[in-house]
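The values are calculated or read from the model by the stated rules, or taken from the named source; none is laboratory data. Everything quoted here is computed from the prediction, not taken from an experiment. With ideal geometry, Cβ positions are generated from the backbone for all residues, glycine too; neighbour counts draw on all protein chains shown.
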Amino acid sequence: MSATEAATAPPARLYSPLTTTAFTLKDQQPAGSPWNPLHWPHWFNYQKARLGLPNPGSFERLHREVKDTFTTNYLFDGAQANIVKELSGNFHVQHQFSLGSQVMPPMYNFMSGYMTERTMVQGTMDNDTNLNAVIRQMWSPRMATKIVAQLTNMPGHSMLQVENDYTGSDFSLNLKAMNPNPMEFTGLYMASYLQSVTSNLAVGSEVVLQRPTADMEETAMSLVAKYTGSDFIATAQLQGMGAIQASYYQRINEKVDFGVELNMMVQGQRREAVATVGGKFDFRQATFRGQIDTTGRVSAVLEEKMAPGFSFLVSGDLDHMKGQSKFGVGIMLSA
């Protein structure tokens, strides 16, 4: 090799467990024999890494794309005003006023949040001094812990939830405990696992253990499958007690998304099913969401961006079967 070629050649990479620039797992073949059972875990991880499977995402956000096309998380009634103030690049506060609702009394909420690359802290307090707090800490690019607390004046409605997420290269693991009591082992405990088996298909399971008292115990298990195409996502979930949930998300183009969800209950002589269709349309200065289901309920939410930092919102919900309707208007101001 000439001196010029030696100067331009890339430096040789040496394996070191302390550096991230070394060979990846799929590049480095295990040293042990594949016929030795003690080395099977290393060979299994090596063969799995060679497949280059993607991460399937988190279990609790399986239907995220479909839910984003629905109006469920955006509906409101009465009058509402949201004022958001950015105090710094990491800290913000928000004031929310609502009145005229058919189901909720007039309410004021104060929210504040602090966020960095690894830490997120958010708190909300209403005019009845009910407090909700969320703390999320990323310990590494793969592991994060989240704590959710709710303190209310109503007995039995306060809640504490602790969960830990581990995101692997081709799998996701979540452990969650709600109102845990280590002394009596009471509370609600959940464990979920989602694994990519091909570049498009992922399968997983969730186990739920509920112990309201020390002498009462109930378990449930659900199985899921998720297929991700170039512009669509299909998900099916079989839950305990004969509950089935299936969803389909279709991206038409950069500004139009559609979602379909089917919920069925098959238990003994009970046969129930509800299908929901929703669409999201992004315009230059507005976002429109519409939704209709087989129970005769129709809803829509329009967010119009009137000026930079100022949005006008209109929400409508009509239930033909129950003969009920709700209507709301609101503004959102960011400064």
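Please verify whether region 200-214 includes one or more residues that are touching an Asp or Glu at 6+ places or on another chain (Cβ under 7 Å) and either in a loop (DSSP other than H, G, I, E, B) or closer than 30 Å to MET306 by Cβ (or both). Looking for residues that are touching an Asp or Glu at 6+ places or on another chain (Cβ under 7 Å) and either in a loop (DSSP other than H, G, I, E, B) or closer than 30 Å to MET306 by Cβ (or both), one finds at least one in region 200-214, hence yes.
Of the numbered conditions (1) within 21 Å of GLY89 (Cβ to Cβ); (2) at pLDDT 95 or above, GLU117 fails exactly one; give the number of that condition. The single condition GLU117 does not satisfy is (2).
When each of SER192, SER199 is tested for being in contact (Cβ under 8 Å) with a residue 40 or more places away in the chain, of a type in the set (Gly, Ala, Ser) and exposed (fewer than 13 other Cβ atoms within 10 Å of the Cβ), the lone residue that passes is SER199. Within the option set LEU302, LEU262, being modelled with pLDDT of 90 or more and more than 17 Å from GLY328 (Cα to Cα) holds for one residue only, LEU262.
Per the conditions (1) in a strand (DSSP E or B); (2) over 27 Å from MET265 (Cβ atoms); (3) of a type in the set (A, V, I, L, M); (4) more than 18 Å from the chain's Cα centre (by Cα), the sole criterion not satisfied by LEU173 is (4). The residues listed here are LEU262, LEU318, LEU313, LEU302; of these, the one that is among the hydrophobic types (A, V, I, L, M, F, W, C) and more than 25 Å from the chain's Cα centre (by Cα) is LEU318.
Scanning region 28-51 for residues that are under 24 Å from SER199 (Cα atoms) and not in a loop (DSSP other than H, G, I, E, B) returns TRP40, PRO41, HIS42, TRP43, PHE44, ASN45, TYR46, GLN47, LYS48, ALA49, ARG50.
Here PHE312 does not qualify as buried (at least 17 other Cβ atoms within 10 Å of the Cβ), aromatic (Phe, Trp, Tyr) and either touching a strand residue (DSSP E or B) at 6+ places or on another chain (Cβ under 6 Å) or touching a residue at least 60 places away in the same chain (Cβ under 8 Å) (or both).
Under the condition of being of a type in the set (A, V, I, L, M, F, W, C) and surrounded by 14 or more Cβ atoms within 10 Å (Cβ to Cβ), the residues counted in region 208-231 number 5. Among the residues examined, GLY296 does not qualify as within 30 Å of GLU218 (Cα to Cα) and surrounded by fewer than 16 Cβ atoms within 10 Å (Cβ to Cβ).
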